[in-house]
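Visitor: What follows is a structure written as structure tokens; I'll ask about it next.
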Amino acid sequence: MLSSSHLYCSLPAFVIYSLIFQVHKGHSAPLNVTAPSGPITVAKGENVVLPCDFSAEQSAQDTEVIWFRERFSPFVHRYKGGQDQYGEQMPQYQGRTELLKEGLAKGSVRLKIFHVQPSDTGKYTCFVRRGSDYDEAVVELKVTASGSAPLIVLERYERGGIRLACRSAGWYPRPHVLWQNPQGQHLPSLAENATQDENGLFAAESSIILTRGVSQELSCLVQHSPQRPEKGSALYVSDPFFQDAHPWMIALGVALVAVIALLGLTVHLFKIKGKHQKEIAMQLAALWDRDAEIEKQAKELAWRRYAVPIEGVNVILDPDTAHCELVLSEDGKSVKRGDTLQDIPDIPERFNPWRCVLGCDGFTSGRYYWEVEVVDAGGWIVGVSREDVKRKGDIEFKPEEGTWAVGNWAGHFQALTSPSRTLLPEIQTPKRIRVSLDYEEGRVAFFSVDEEIPIFTFPLASFEGRKVHPWVWLGPGTWLKIWP
């Protein structure tokens, strides 16, 4: 359900108002956007081109291309009206992207990203729109960084042997540290851990106990995966290091090796810091979890498929249902609340005492939308109502009673939900509201035509096969107009 807290410009919102607020001119073949199914892998600091193709049957001037990540806005790169648009580009991509336009006329909208960083890893959506037709494809980018050669450090005596540590820094994604004997067999480690610095790069460390005669010679390997290239270092510890008679010599040797190793690691880390100092400002928080990202995109896509109406409807207000203070225009397209009661019969279909009126035609299937313009505003409510809604006496405006609506009620812009109403304080009260009805899905949604944003979507309802009509309520001094 779309709530008032989701005010950022998401992909579903953009697609909805793009399809709703533009008149479709002509008829074109369905748009088909494709991208490679496998991930694109590139080393940190290099440039990468993300491929994306679409069925090109119109000029580039008619095509809008948007590359984005988790949210539709801010975007990674946008191309519209024959020009690149940078107004809402994500800060970390400013000055780092280029749409390769030489293939645009042939249906290629490849995106080039310069100097990729670990934070660029993730899924990118290639969204192409032409008129009211649109499609999208997802490209996965994996960024890798190979760190320093592993450094083996003699730490101390432990458990009848010598404890060794293997350390390496500057990797992405997180690497694995493996110990091997001369025969290539893996040796179990005591512990393995990794830390991530402010640049997003990992430093990994693993420890092992080396015993005399059993595993005096061994090597340490660091790699991303068994299929990826590795970096390794080997070490052989001679018998004198295992002599208990001179523990101070052993301690001194271990200390010297540790000091040299620490100095080497410090120099290496300072080199990394100097090399990437200009890139620190471009780094963001850690990557989103991959499964959560896929689930979120799936939910957004499902919401978009179900929420978009496909047919505008010509709403005419029904004078037989209008309260006697409501004055309808001759064409039934506008209504205002008068100061005096009209001399008309109080038939069962007419609302009384509430100043309400229904549309003439009801719906039992399909997807529709219409717009209500607030010309002169006191209080007002717009929405839909079941045909069997209560017409006389005390009426409660809520879904359980057959009414789904939003409006400016009691000085607050709100959705008439149950058991309590939902205030919409962060949305400016619109002057023109679009009402969207999907009968089969049971979805009623509202959009602000003024700001081209979604307002509120009710939980899915069951209309139980009963007709659903357009419905409005007018407060004192209010005049509403129906479009189209």
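Visitor: Give just the number: which of (1) touching a Leu at 6+ places or on another chain (Cβ under 8 Å); (2) touching a residue at least 24 places away in the same chain (Cβ under 8 Å); (3) under 26 Å from G465 (Cα atoms); (4) not small (G, A, S) does R386 not satisfy?
Guide: Looking at each condition in turn, R386 falls short on (1).
Visitor: Give the stretch 389-426 a look and list any residue that's in contact with a Leu (Cβ under 9 Å, 6 or more places away or on another chain) and assigned to a strand (DSSP E or B), or say none.
Guide: T403, W404, A405, V406, G407, W409, H412, F413, Q414, A415, T422
Visitor: Can you name the residue in the stretch 212-234 that is over 30 Å from V42 (Cα atoms) and at pLDDT 80 or above and, of all such residues, is least open to solvent (accessible area, probe 1.4 Å)?
Guide: The extreme case among them is L218.
Visitor: A follow-up question, please. Does the stretch 103-116 contain any residue that is more than 24 Å from E293 (Cβ to Cβ) and among the basic types (K, R)?
Guide: Yes - at least one qualifying residue is present in the stretch 103-116.
Visitor: Scan R110, R167 and give me the residue that is under 15 Å from G232 (Cβ atoms), of a type outside the set (D, E) and at pLDDT 90 or above. Can you show your working first?
Guide: Values: R110 fails: under 15 Å from G232 (Cβ atoms).
One residue alone meets the criteria, R167.
Visitor: Further question on the same structure: Which one of these does D320 not meet: (1) modelled with pLDDT of 95 or more; (2) in contact with a strand residue (DSSP E or B) (Cβ under 8 Å, 6 or more places away or on another chain); (3) open to solvent by 60 Å² or more (accessible area, probe 1.4 Å)?
Guide: Condition (2) is where D320 drops out.
Visitor: For the list (1) within 18 Å of the chain's Cα centre (by Cα); (2) open to solvent by less than 40 Å² (accessible area, probe 1.4 Å), I need the number of the one condition that P74 fails.
Guide: Unmet condition: (2).
Visitor: Are any residues in the stretch 90-135 within 24 Å of N199 (Cβ to Cβ) and either of a type in the set (V, I, T) or crowded, with 20+ Cβ neighbours inside 10 Å (or both), and if so, which ones?
Guide: Y93, T97, L111, I113, V116, Q117, P118, D120, T121, Y124
Quick grid of which residues meet (1) open to solvent by 30 Å² or more (accessible area, probe 1.4 Å); (2) modelled with pLDDT of 65 or more; (3) assigned to a loop (DSSP other than H, G, I, E, B); (4) not hydroxyl-bearing (S, T, Y):
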{"residue": "M1", "(1), (2), (3), (4)": "yes, no, yes, yes"}
{"residue": "P12", "(1), (2), (3), (4)": "no, no, no, yes"}
{"residue": "V23", "(1), (2), (3), (4)": "yes, no, yes, yes"}
{"residue": "A29", "(1), (2), (3), (4)": "yes, no, yes, yes"}
{"residue": "S37", "(1), (2), (3), (4)": "yes, yes, yes, no"}
{"residue": "V49", "(1), (2), (3), (4)": "yes, yes, no, yes"}
{"residue": "Q58", "(1), (2), (3), (4)": "yes, no, yes, yes"}
{"residue": "W67", "(1), (2), (3), (4)": "no, yes, no, yes"}
{"residue": "E70", "(1), (2), (3), (4)": "yes, yes, yes, yes"}
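Visitor: I need the full set of residues from the stretch 294-317 which are at pLDDT 65 or above and either more than 13 Å from the chain's Cα centre (by Cα) or open to solvent by less than 20 Å² (accessible area, probe 1.4 Å) (or both), in order please.
Guide: Once the filter is applied, which keeps residues that are at pLDDT 65 or above and either more than 13 Å from the chain's Cα centre (by Cα) or open to solvent by less than 20 Å² (accessible area, probe 1.4 Å) (or both), the stretch 294-317 yields I310, E311, G312, V313, N314, V315, I316, L317.
Visitor: In the stretch 433-452, is there at least one residue being modelled with pLDDT under 95, more than 28 Å from the chain's Cα centre (by Cα) and of a type outside the set (V, I, T)?
Guide: no
Visitor: Name the pairs whose Cβ atoms lie under 8 Å apart, with the first residue in the stretch 431-445 and closer than 20 Å to V472 by Cβ and outside any loop (DSSP other than H, G, I, E, B), the second basic (K, R) and open to solvent by less than 30 Å² (accessible area, probe 1.4 Å), and 6 or more positions between them or separate chains?
Guide: S436/R443; L437/R443
Visitor: Return the residue satisfying two criteria in turn: it lies in the stretch 419-430 and is open to solvent by 50 Å² or more (accessible area, probe 1.4 Å) and not polar (S, T, N, Q), and of such residues it is nearest to the chain's Cα centre (by Cα). Working first, answer last.
Guide: Filtering the stretch 419-430 down to residues open to solvent by 50 Å² or more (accessible area, probe 1.4 Å) leaves 419-421, 423, 425-426, 428-429.
Checking the rest, the ones that are also not polar (S, T, N, Q) come to 419, 421, 423, 425-426.
Values: P419: 31, R421: 28, L423: 25, P425: 24, E426: 21 Å.
Residue satisfying both the conditions and the ranking: E426.
Visitor: Step by step: first the residues of the stretch 391-418, then only those that are at pLDDT below 95 and in contact with a helix residue (DSSP H, G or I) (Cβ under 9 Å, 6 or more places away or on another chain), then the one that is most open to solvent (accessible area, probe 1.4 Å). Which residue is that?
Guide: Residue satisfying both the conditions and the ranking: S418.
Visitor: Still on this structure: I'm trying to understand the selection: among the residues of the stretch 341-367, which are within 23 Å of N408 (Cα to Cα) and not charged (D, E, K, R)?
Guide: F351, N352, P353, W354, C356, V357, L358, G359
Visitor: Are there any strands (runs of 3 or more DSSP E) wholly within the stretch 149-212 with 3 or more residues that are touching a residue at least 60 places away in the same chain (Cβ under 8 Å), and if so which? Step through it out loud before you land on a result.
Guide: Working: elements: 151-158, 161-171, 176-180, 191-196, 202-210.
Hits in the stretch 149-212: 151-158, 161-171.
Visitor: Of all residues in the stretch 432-459, which are open to solvent by 10 Å² or more (accessible area, probe 1.4 Å) and within 11 Å of W404 (Cα to Cα)?
Guide: R443, P459
Visitor: I'd like to verify a number: residues in the stretch 368-390 that are modelled with pLDDT of 95 or more, under 12 Å from I433 (Cβ atoms) and open to solvent by 50 Å² or more (accessible area, probe 1.4 Å), how many?
Guide: Selection size over the stretch 368-390: 2.
The values are calculated or read from the model by the stated rules, or taken from the named source; none is laboratory data. Quick caveat, the model's predicted, so the values are computed rather than measured. Please note: Cβ atoms are built from the backbone with ideal geometry, for glycine as well, and neighbour counts cover all protein chains shown. Keep in mind that these areas ignore ligands, DNA and RNA; they rest on the heavy atoms of the full protein, side chains included. Shrake-Rupley method; radii C 1.70, N 1.55, O 1.52, S 1.80 Å.
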